[in-house]
Amino acid sequence: MTLLSVTDLAIDAGPLSLVDGVTLEVAQGEIVALVGESGSGKSLTALSIMGLLGDGLAVTRGSIEFDSTDLTQLSQQDLRALRGEELAMIFQEPVSSLNPLVLVGEQVAESLITHGHATPAEAFFQAIEMLRRVGIPQPERRAAQLPTELSGGMCQRVMIAAALISKPRLLIADEPTTALDVTIQAQILALMAELAADLGTAILLITHDMGVVAELADRVCVMYGGRVVEQGPVGPIFAEPRHPYTRMLLQTIPRMDEPPKEELFAIKGNVPSPRDWPTGCRFRTRCDRPTEACVNRPEVIGDIHSVACFHPDGSQP
Amino acid sequence: MNLLEITDLQVHFPVWRGRFGGGKDVVKAVDGVSLTVNANETLAVVGESGCGKSTMGNAVLGLAPVTAGRISFEGRDLSTLTPSERRRVWREIQVVFQDPVSALNPRRTIKKSIAEPLVIHDYPKAQIGARVDELMALVGLNPDQRDRRPGALSGGQRQRVVIARALALNPKLVICDEPVSALDVSIQSQILNLLMRLQRELGLSYLFIAHDLSVVRHIADRVAVMYLGIVVEEGPATEIFANPVHPYTEALLSAIPVPDPTLRGKRKRIILQGDLPSPLHPPKGCPFVTRCPVAEETCKDERPQLVETSPGHHIRCPVRVNQ
């Protein structure tokens, strides 16, 4: 069943369009990866779902339906009731996302107390249980410490515990392992997959790392220049990418079975800033086979595996 | 001859306990590292945060204090040189840092940034303009952009400026400290290709400090794996990636997410338990003992020796050596 359904979402900063017509769905218990580079609009899309867009940014078009309620129409008060309860989010920098002056246990317990599900004493007890669940050794001792006394990997576990303690139905994870070392990243990814399966939580995973996507996601949504260019199940996206950007993104990853020291595949040009997006298809200036048609905006074609391109791979002989 | 030779390098930092005379602890950021970089070669130093890889690079650049050990460049021990001789040696050793945004002065034009080392080292004034244009062309920038400021450039272009500046004085060795980690994925391979081309054309040597092993595998001739201030495994890149021997190298390699969903769950993965021990109180014996899947009782007490297991391939693990 569809849990989250974003339709034709547009986010503007004054006259500047930053997200333009994003449509994506997350089913119950599903892990969907939102992939893109800086400026692709992936984090803005996530923040708009949480109702956390900063000053000067506004949703100007489209709807965000969560469990059949349009979040864009809710008051801040109603959104607050959902956040931390049904919707939770974890960020890239665990250390700066935690309050350095509040005990770890209190921060994990906070959403239970705020939403009136438990007295502070009960909530603290549940927080210790949750810390144990995310693999923190000696949770009783850790709960009574400050975040500064914990390592980065440990802080990310605390963030996950705080996000999942009220058993949200959707967890938005914005680059949850980018700031972590690779051996810690492996631990956190395994933990997220396990907890999501146990609690039935759906995850919208925002990342730029195709390796992480391949390890964790059920479906993938690739963004470029504020738009979704390709969307589909993880298998076909990696095996038969249809949009040139997806294909080239996969080609740029140095492969472990390739001879070393040879020239790597590179996408030409730079990641354009929203001010410099070309008209029509926004990837056409970096694409390896643009045509005249590409000055127009490509329609999204396909259903389960969809692509926004006039000449998708695999469509021609 | 070895271009750079680091022998038993130690870099220790005092850490004061409390504010009022609680005595001091010592962080042994680099604790006995010996490495060599040959001419026209790339030595990659890999490891997780806190392993001492950047501190070691900084020590070579004179940016971190050397507690003990020797750093020789072209056979000359840096510590025995006079300040002016050392200044001349450091012309030959340049650096590219991770974040091009903070490595460039935002108020300075590209030309001024690239020209800075030339000015410092008394390059003939009349030729500076031509040299800057030449360097910009060399790294794939349009010399017409010389009067722009970093804010007008993208991340990849800024890193090209940083590389151009590092090459201004024709160095022999460039220390690259995570040169692509801050860049977008579609830009990373452009910069890696540039670094490899410059090495071929100019005969450069790189000390390449990185945590991304798929990048390292591609660019390095030899690899040294560091953990808590020591080298645990070192050898030819092809060897290390095909036959990692040290359990930490093995874990590091198996932790890399592989961009192939069909391998999910089928790949043998070693997920290490726990975190890096505090560098203030490292384990007494092998530093990896607290997380090691093959540790034995003796590993807790004895610091393992570096043993050559095949030509040029050294590891520091008695358990694996004895197998």
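Derivation of every value follows stated rules applied to the coordinates shown; laboratory data play no part. Source: prediction; values computed, not measured. No Cβ is skipped: glycine too gets one built from the backbone with ideal geometry, and neighbour counts run over all protein chains shown.
The figures follow:
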item: Cβ-based net charge around B:A103, under 15 Å, with every Lys or Arg adding one and every Asp or Glu removing one; result: +3
item: Principal-axis tilt of helix A:120-133 within chain A, Cα atoms, nearest 10 degrees; result: 50 degrees
item: 222 nm mean residue ellipticity, helices alone, for chain B (DSSP H n ≥ 4; -39,500 (n - 2.57); rounded to 500); result: -9500 deg cm²/dmol
item: For chain A, share of DSSP beta bridges that run antiparallel, in % to the nearest 5; result: 60 percent
item: Given charges at beta-carbon only (K, R positive; D, E negative), |dipole| of the stretch A:136-232 in Debye; result: 280 debye
item: Distance between the stretch A:177-216 and the stretch B:208-258 - C-alpha centres, whole angstrom; result: 23 Å
item: In degrees, nearest ten, helix B:185-202 long axis to first principal axis of chain B (Cα); result: 70 degrees
item: Net charge of Cβ neighbours under 10 Å - reference B:S181; Lys, Arg +1; Asp, Glu -1; result: -4
item: Helix B:155-167 vs. chain B, principal-axis angle (Cα, 0 to 90°, nearest 10); result: 80 degrees
item: Local net charge near B:N170, Cβ-Cβ under 11 Å (Lys/Arg +1, Asp/Glu -1); result: +2
item: Prolate/oblate/rounded label for the protein assembly as shown (Cα gyration tensor, a/c 1.5); result: oblate
item: Cross-link reach list, lysines versus A:K261, counting only Cα pairs under 21 Å and skipping chain neighbours closer than eight places; result: B:K172
item: Residues B:E308 and A:A13, FRET efficiency given R0 of 60 Å [Cβ-Cβ distance, rounded to 0.05]; result: 0.50
item: Between the stretch A:96-149 and the stretch B:90-164, the Cα center-to-center distance that results, in Å; result: 49 Å
item: Across A:K42/B:K111; B:K24/B:K300; A:K268/B:K125; A:K167/B:K284; A:K42/A:K167, pairs whose alpha-carbon gap is larger than 31 Å; result: A:K42/B:K111; A:K268/B:K125; A:K167/B:K284
item: CD proxy at 222 nm, helix term only [per DSSP H run n ≥ 4: -39500 (n - 2.57); per residue of chain A; nearest 500]; result: -9500 deg cm²/dmol
item: Magnitude of the charge dipole, the stretch B:13-93, Cβ model with Lys/Arg +1 and Asp/Glu -1, debye to 20; result: 380 debye
item: Shape of chain B, Cα gyration tensor, a/c cut at 1.5; result: prolate
item: Taking the stretch A:95-167 and dividing mean pair separation by its residue count, relative contact order in percent (alpha carbons under 8 Å, at least six apart); result: 46 percent
item: Charged-residue dipole, Cβ positions (Lys, Arg, Asp, Glu), chain B about Cα centre, Debye nearest 20; result: 940 debye
item: Chain B: relative contact order in percent, alpha carbon pairs under 8 Å with at least 6 residues between; result: 20 percent
item: Residue mean of other protein chain beta carbons inside 10 Å, A:264-273; result: 5
item: Mean Cα-pair separation over length for chain A, i.e. relative contact order, pairs under 8 Å, 6 or more apart, %; result: 21 percent
item: Per-residue Cβ neighbour rank within 10 angstrom, fewest leading, B:K268, B:K53, B:K112, A:K268; result: B:K268, A:K268, B:K112, B:K53
item: Selection from A:M130, A:P147, A:T119, by position along the positive dipole direction of the stretch A:95-167 (Cβ); result: A:M130
